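First up is the structure itself, then whatever we jot down about it.
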């Protein structure tokens, strides 16, 4: 297992929490694909770095402040990294707190795919760590 893939995902979270959207952009491959969890308001998938970044920026603009916090360990198998997280947004209306598991595919030091799941067991099954 390559710790480098885990570090790319950690860099994405750190850039997000720092509000550094240029650094967030740099963690994504040009052809990145993002699939939101079932029932997400915008169905997705979102294809391409600019489209994905537009989604992230809209999310950031919706709240005055937001943060991603890892809960639990990060799991990895091959080029896929799974991380359970809480995204917390405040301001512009009611506080939002979402708990999801992201499965991040990392190749050549960039995130090429992100799949999000409400159920952590589904995410672990998706990367083969359910056994």
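Using the Kirkwood radius built from alpha carbon pairs, what does the Stokes-Einstein equation give as D for the range 1-66 at 25 °C and 0.890 mPa s, in µm² per second? Translational D for this selection: 192 µm²/s. Helical runs assigned H by DSSP (4 residues or longer) give the chain a calculated mean residue ellipticity at 222 nm of -10000 deg cm²/dmol, each run adding -39500 (n - 2.57) before division by the residue total.
Please order 60, 54, 84 by the number of other Cβ within 10 Å, starting at the fewest.
In increasing order of surrounding Cβ atoms, one gets 54, 60, 84.
Taking 0.36 nm per residue of sequence separation and removing the Cα-Cα distance, the residue 21/residue 61 pair yields an extension gain of 13.2 nm. Taken as Cα centroids, the range 4-42 and the range 78-111 sit 8 Å apart, rounded to the nearest whole angstrom. For the chain, would you read off the P(r) tail past 23 Å as a percentage of all alpha carbon pairs? The share of Cα pairs beyond 23 Å in the chain comes to 26 percent. In percent, what relative contact order does the chain have, based on Cα pairs under 8 Å that are 6 or more apart in sequence? Rounded, it is 25 percent for the chain.
Coordinate-derived values only; no laboratory data. Since the model is a prediction, treat every value here as computed from it, not as a measurement. For neighbour counting, all protein chains shown are included, and Cβ atoms are generated from backbone atoms with ideal geometry for every residue, glycine included.
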